[in-house]
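What follows is a single structure, written as structure tokens, with notes after it.
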Amino acid sequence: MQPIFDFFFGQYYEYPTLFIYLEVIAVIFGFLSVWYSKQENILVYPTGIISTLIFVYLLWQWELLGDMMINAYYFAMSIYGWYIWTRKVDATHFTPVTKMTKREHVWSILIFVATLLFVFGVYEYFEKWNNWTAYVDTITTAIFFVGMWLMARKKIENWIFWIVGDIISVPLYFYKGLTLTSFQYLLFTIIAVFGYFAWKKSLNKNLQPVLK
């Protein structure tokens, strides 16, 4: 049992206790945020803000710049999403789940490419191209940037980006030594699949004609 524990959590022996506690708190609130997103519950944003703020601090300490920028971006988009989700489209209805428009497809591509170039520039400036994870980190950052933007706009396609990014992040974070965060992304993947079908059900309900 001890070898198994050491395999998954051995890297934590060298971490400050404060960092371990903070990562646990961030993982819990991150899980809650994704769960509330699946439920179309506005609590997705306050819980997400707490999680992202903690991760920004931790990732800065661990010098994982791409991951840190993802969480800083999440924080900003959480404020934007909070506004969009609480905005009423008429006297009684809030912003519904919808599909991406052609314009949003174009914007998604632009955000993806712009993020790749930006993260590449950051890694280049700080001379952080010292591991293959930096290249994967650049791609996942771009994927998550698009996913978060689409989630804030309540587009069902956001879940596809989350699923792809989460699947990549599970082994990536485990390799980086962040086992708890790796497990978090594994749970995120599962919830994202259920979230997609839950939002699809909501979308189909919104598209049904009103029977008179």
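Values quoted throughout were computed directly from the atomic coordinates according to the rules given, and no laboratory measurement underlies them. Owing to the predicted nature of the structure, the values given are computational and were not obtained by experimental measurement. Cβ: placed from backbone, ideal geometry, glycine included. Neighbour counts: every protein chain shown.
Cross-link partners of LYS38 among lysines, defined as those whose alpha carbon lies under 19 angstrom from its own and excluding same-chain residues fewer than eight positions apart: LYS99, LYS154, LYS155, LYS200, LYS201, LYS205. Kirkwood hydrodynamic radius of segment 64-212, from the reciprocal of the average inverse Cα-Cα distance over all distinct pairs: 16.6 Å. Modelled this way, with points 7 Å down the Cα-to-C-beta line, the labels at LEU180 and GLU14 are 1.8 nm from one another. Restricting segment 38-139 to GluC sites (Glu not before Pro) that sit in a DSSP loop and have at most 13 other Cβ atoms within 10 Å of their own Cβ leaves GLU63, GLU127. Using bins of 10 Å that start at zero, the share of Cα-Cα pairs per bin across segment 42-132 amounts to 14, 33, 34, 15, 4, 0, in whole %. Averaging 1/r over each pair of different alpha-carbon atoms in segment 25-89 and inverting the result gives 11.9 Å, the Kirkwood hydrodynamic radius. Computed from the C-beta positions of LYS99 and ASN131 and an R0 of 35 Å, the FRET efficiency is 0.40 to the nearest 0.05.
Answer with one residue from TRP85, LEU116, TRP62: the one whose Cα lies farthest towards the positive end of the charge dipole of the chain, charges on Cβ with Lys, Arg +1 and Asp, Glu -1. Towards the positive end, the residue furthest out is TRP85.
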